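For reference, the structure is listed below as structure tokens.
The values are calculated or read from the model by the stated rules, or taken from the named source; none is laboratory data. Because the structure is predicted, anything quoted here is derived from the model rather than measured. Positions of Cβ are backbone-derived with ideal geometry, glycine not excepted, and every protein chain shown enters the neighbour counts. For the accessible areas, the whole protein counts, side chains as well, though only heavy atoms, and no ligand, DNA or RNA atoms are used. Shrake-Rupley method; radii C 1.70, N 1.55, O 1.52, S 1.80 Å.
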Amino acid sequence: MRIAEWPRKNKTGVDRREAPGVRRSQGASCGVLWDKQVVRQRLADCQTRIAAGRQLVYHAAGLDAAGHDCVQEVSMVKAYCGELVNSVLYDCVQFHGGMGYMRETPVERMSRDARVQAIGGGASEVMLEEVAKRM
């Protein structure tokens with residue numbers, strides 16, 4: 001369906017041509033990103049991995065609160081979540097196309113800042129070595 005055939009206003013009364021999230025390119029492929037099946041599936045995959053990371057954090061925090069040795073679990077959290085944030089933001093940059101690389105756009109800044117998570121929290125390889133020592 002071409003954009004000219006779409007209803008001009010969405011459910012909230014916003015003109016679709018003015019709504020954020022509408023990408024236009026030479027008239028060939030226009031539309032809201034959410035309408036693309038591959039985008040929805042990649043976002044669902046990201047949300048699934050984020051939920052898994054959150055549960056890993058809760059598990060490590062629970063062990064720490066109970067007074068147990070949780071170095072292995074904390075190392076798992078740091079390794080997994082450090083890589084996870086980079087993976088999710090890579091997808092976000094891809095969704096934004098060329099604008100994802102433009103300086104001073106929010107997604108570019110978040111992508112640049114995310115890299116520090118894996119480095120600043122301890123290299124993933126170091127964290128995985130801590131996990132391996134305690135297996």
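Here the average projected area of the convex hull drawn through the C-alpha atoms of the stretch 62-135 stands at 5.9 nm². Segment H68..E104, full-extension length gain: 8.6 nm, with 0.36 nm per residue of separation and the alpha-carbon distance subtracted. Heavy-atom accessible surface of H59, to the nearest 10 Å², is about 100 Å², with a 1.4 Å probe and all protein chains retained. Overall, the accessible surface of the stretch 51-126 at a probe of 1.4 angstrom is composed of carbon and sulfur to the extent of 61 percent. Across the stretch 66-77, rounded Karplus estimates of 3J(HN,Hα) from the backbone phi angles (6.51 cos²θ - 1.76 cosθ + 1.60, θ = phi - 60°) give 7, x, 8, 5, 10, 4, 4, 5, 5, 5, 4, 4 Hz, Gly and Pro being marked x.
Legend: residues I50, I119, sorted from most to least accessible area (1.4 Å probe; ligands, DNA and RNA excluded), read I119, I50. Ranked from largest to smallest solvent-accessible area, with a 1.4 Å probe on the protein heavy atoms, V85, V39 come out as V85, V39.
Extending 7 Å from the Cα toward the beta-carbon at both I119 and V39 defines two label points whose distance is 3.1 nm.
Put simply, the amide H of G31, placed in the peptide plane, has neighbours under 5 Å in R23, leaving out anything fewer than 5 places away on its chain. Counting heavy atoms of the protein chains alone, D35 has an accessible area of about 90 Å² for a 1.4 Å probe.
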